[in-house]
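**Student:** Okay, handing you the structure first.
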């Protein structure tokens, strides 16, 4: 104990210097750690942001593609419906043309009436 | 001079009226028959087609109109859907930006708080102590 106290008494300045250097180093390390933590926090934040933004853009693209597919399907159905209707009308028109040809032969007076009614033309004998 | 112009205009008005006046005429003829007026003849099929065309014209045009309307509605529907999707995802991205920035700021605040807690009183004391120690140390080493 005495030896230790003697050593402390003789070399207290060197010991104090070493302790203070250690304290300064500790604070320097603390500051450095704080900076590193701040840097890590920024990196983590950027990584999270990039990941979520990528997901969002991916989701947007997928949703738009789905909407486009739905649109194409609807257009296809609409065109098919319209085409069907046109074909139906064409069939009706063909039947009607045949009826009118028969009418011309069998009942020309009726045809005259129809032309007058539809076009407003005057019939001349 | 003006009265002359007015006269010409009135005469041309009457001429025009005459040019457009009158309804069309038609007649049904047997093969080889003679038309009592200058005419453009259609055979029975062509006449039937003309009549049919007239009968179905409104229906066809209504159908075409309906089709075009639906098509335009679908086109604009797609545009609106795309805009809504972009809006939704832009809102999400905005929230992500704000959220992550808030988190980052919170973390940085915590770090600053920790550093502040440890440093303020101790740094002053240690700075003074370090100054004294360096002074003593230098003096001691120089004396030796």
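Values quoted throughout were computed directly from the atomic coordinates according to the rules given, and no laboratory measurement underlies them. Treat the numbers as computed from the prediction; the structure is a model and nothing was measured.
**Student:** Let me check I have the definition right: for the stretch B:45-114, take the eigenvalues of the Cα gyration tensor, multiply each by 5, take square roots. What are those semi-axes in whole Å, largest first?
**Tutor:** On the way: eigenvalues 874, 6, 3 Å².
One finds semi-axes of 66, 5, 4 Å for the stretch B:45-114.
**Student:** Right, here's the next one. With N set to the residue count of chain A, report its C-alpha Rg divided by 2.2 N^0.38 Å to two decimal places. Don't jump to the answer; show the numbers that get you there.
**Tutor:** On the way: Rg = 48.8 Å, N = 125, 2.2 N^0.38 = 13.8 Å.
It is 3.54.
**Student:** What value, in deg cm²/dmol to 500, does the helix sum -39500 (n - 2.57) over DSSP H runs of n ≥ 4 give at 222 nm once divided by the residues of chain A? Please list the in-between numbers first.
**Tutor:** Details: 2 runs with 117 residues, N = 125.
When only DSSP H runs of four or more count, the value is -35500 deg cm²/dmol.
**Student:** Working from Cα positions, state the angle (0 to 90°, nearest 10) between the long axis of helix A:2-106 and the longest principal axis of chain A.
**Tutor:** That works out to roughly 0 degrees.
**Student:** Relative to the longest principal axis of the C-alpha atoms of chain A, give the angle of the C-alpha long axis of helix A:108-119, reported between 0 and 90° and rounded to the nearest 10°.
**Tutor:** Value to nearest ten degrees: 40.
**Student:** Any chance you could list P(r) for the stretch A:66-115, counting all Cα-Cα pairs in 5 angstrom bins from zero, rounded to whole %?
**Tutor:** So the P(r) values, bin by bin, are 5, 19, 13, 12, 10, 9, 8, 7, 6, 5, 4, 2, 0.
**Student:** Kindly provide log₁₀ I(q)/I(0) values, in the same order as q = 0.09, 0.11, 0.15 Å⁻¹, from the Debye equation applied to equal alpha-carbon scatterers of the protein assembly as shown.
**Tutor:** One equal scatterer on each Cα of the protein assembly as shown leads to -0.82, -0.93, -1.14.
**Student:** What are the extents of the Cα atoms of the stretch B:24-144 along their three principal axes, in Å, largest first?
**Tutor:** Extents along the principal axes, in whole Å: 149, 26, 20.
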